[in-house]
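Worksheet for the structure shown next.
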Amino acid sequence: MNVTDLSNKVHTKSEQVTVAVAHAVEPSIFTACSLAAEKGTASFHFIGPLTEMTDAMKDAAVEQSDRFSFSDAADEAESAQKAVVLVHEGQADVLMKGMTPTSKLLKAVLHKEKGLRTGRLLSHLAGFQLPEQDDLLFLTDAAMNIAPDLTQKQGIIENAVEALSKMGMELPKTALLAAVETVNPAMPAAVDAAVLTQMNRRGQLAGCLVDGPLALDVAVSAKAAKQKGLETDVAGRADLLVAPNIETGNTLYKSLTLFGGATVGGMIVGARAPIVLTSRSDTAESRLFSLLMAVSTIQK
């Protein structure tokens, strides 16, 4: 599966998807949303101070569209609250972070009455389009859960697998990352990986093929897997990498973008609706990729 596949899936939807954008006051937001609107990916409802949004749209050289609508909000917190309420009430299908801080957006998402809670763990799913590689590589969780225990790791995998299934990927090959391929009782990541692998084999973790513990090279390189004598359905051909903690996930995420030259998309899964979670420094291309990921999981 690659970005083109996601784009084709999104553009064959019979109904239009609406994205609520919280605090849309940066030009690259309008650049990405304009491209998406032109391609029929979605319609957009922008929330934020009207003057700042208008200025940002002008700076992006984007013209008003019949796929654009706006709501005024005084500040970042109100932008987040109004965007979440739109999704909560069914007036929007996807929530997108604009320039509001993640903490303020999540506070609105987790509101007991007007938020998007489901009782499930929230986790982050990132997608990477690497140069000279056709297929996308996915990573979870690089942004939400700091030091997940075994039960939380199961939830993180289930969230990612459900999203990937909606995107069109059947039985994603899921590699549980650790420093080594052997089960060392002194390494909690390796022990958890072994347990989760066994749970998958016994049907307790369905919809994917799980293997671990696996070092990164063995997870993604067929040559490395062969050299280490690991011949499994996952080793050397992973679609989804599962980080043992946020430090590992965050470091790998930034390494793939900074050193690997990857275009990255990101979203939060486990809520009532997909949440496009982008960085303030993300390019319009990355924002568009994130939108494609999120919109492709909407079932209409």
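When Phe44, Phe30 are screened for being touching a Cys at 6+ places or on another chain (Cβ under 8 Å) and more than 16 Å from Leu105 (Cβ to Cβ), only Phe44 passes. Summed over region 229-255, the residues that are hydrophobic (A, V, I, L, M, F, W, C), surrounded by fewer than 22 Cβ atoms within 10 Å (Cβ to Cβ) and modelled with pLDDT of 95 or more give a count of 2. Screening Asp72, Asp134 for residues that are open to solvent by 50 Å² or more (accessible area, probe 1.4 Å) and modelled with pLDDT of 95 or more leaves exactly one candidate, Asp72.
Just a yes or no: is a residue in region 256-267 open to solvent by 60 Å² or more (accessible area, probe 1.4 Å), touching a residue at least 40 places away in the same chain (Cβ under 8 Å) and of a type outside the set (Ser, Thr, Tyr)? Checked against the condition, which is being open to solvent by 60 Å² or more (accessible area, probe 1.4 Å), touching a residue at least 40 places away in the same chain (Cβ under 8 Å) and of a type outside the set (Ser, Thr, Tyr), region 256-267 yields no hits at all.
For Lys112, the stated conditions hold: it is over 18 Å from the mean Cα position of the chain (by Cα) and closer than 24 Å to Asn145 by Cβ. How many of the residues in region 159-193 are touching a strand residue (DSSP E or B) at 6+ places or on another chain (Cβ under 9 Å) and either open to solvent by 30 Å² or more (accessible area, probe 1.4 Å) or farther than 16 Å from Ala294 by Cα (or both)? Going through region 159-193 one residue at a time, the tally reaches 21.
Look at (1) in contact with a Phe, Trp or Tyr (Cβ under 8 Å, 6 or more places away or on another chain); (2) more than 24 Å from Thr283 (Cβ to Cβ); (3) among the charged types (D, E, K, R) and you find that Lys82 fails only one, number (1). Against the list (1) open to solvent by 10 Å² or more (accessible area, probe 1.4 Å); (2) at pLDDT 95 or above; (3) hydroxyl-bearing (Ser, Thr, Tyr), the condition Ser34 fails is (2).
Annotation note: Cβ proximity below 9 Å between a residue of region 118-135 that is in contact (Cβ under 8 Å) with a residue 24 or more places away in the chain and a residue that is outside any loop (DSSP other than H, G, I, E, B) and loosely packed, with under 13 Cβ neighbours inside 10 Å (sequence gap 6+ or interchain) occurs for Leu121/Thr151. Condition check for Leu288 on (1) without any contact (Cβ under 8 Å) to a residue 60 or more places away in the chain; (2) open to solvent by 10 Å² or more (accessible area, probe 1.4 Å): one failure, at (1). Annotation note: of Ala60, Ala80, the sole residue that is of a type in the set (A, V, I, L, M) and either free of Cβ contacts under 8 Å to residues at least 12 places away in the same chain or crowded, with 21+ Cβ neighbours inside 10 Å (or both) is Ala80. For region 121-131, indicate whether the set of residues that are in contact with a His (Cβ under 7 Å, 6 or more places away or on another chain) and part of a loop (DSSP other than H, G, I, E, B) is non-empty. No, every residue in region 121-131 fails to be in contact with a His (Cβ under 7 Å, 6 or more places away or on another chain) and part of a loop (DSSP other than H, G, I, E, B). Taking each residue of region 189-207 that is free of Cβ contacts under 8 Å to residues at least 24 places away in the same chain and looking for partners that are open to solvent by 30 Å² or more (accessible area, probe 1.4 Å) with beta-carbon atoms closer than 6 Å, six or more apart or interchain, yields Ala190/Val183; Ala190/Asn184; Ala194/Val183.
Restricting attention to region 10-24, the residues that are open to solvent by 10 Å² or more (accessible area, probe 1.4 Å) and either at pLDDT 90 or above or among the polar types (S, T, N, Q) (or both) total 5. A single entry from Lys114, Lys107 fulfils the requirement of being touching a residue at least 12 places away in the same chain (Cβ under 8 Å) and part of a helix (DSSP H, G or I): Lys107. Every condition in (1) at pLDDT below 95; (2) hydrophobic (A, V, I, L, M, F, W, C); (3) over 30 Å from Ala147 (Cα atoms); (4) touching a Lys or Arg at 6+ places or on another chain (Cβ under 7 Å) holds for Ala42 except the one numbered (4).
Checked against (1) at pLDDT 95 or above; (2) surrounded by fewer than 24 Cβ atoms within 10 Å (Cβ to Cβ), Gly270 passes all but a single condition, namely (2).
The values are calculated or read from the model by the stated rules, or taken from the named source; none is laboratory data. Worth saying up front: this structure is predicted, and the values here are computed from it rather than measured. Note: ideal-geometry Cβ built from the backbone for every residue, glycine included; neighbour counts use all protein chains shown. All accessible areas refer to the heavy atoms of the entire protein, side chains included, with ligands and DNA or RNA removed. Shrake-Rupley method; radii C 1.70, N 1.55, O 1.52, S 1.80 Å.
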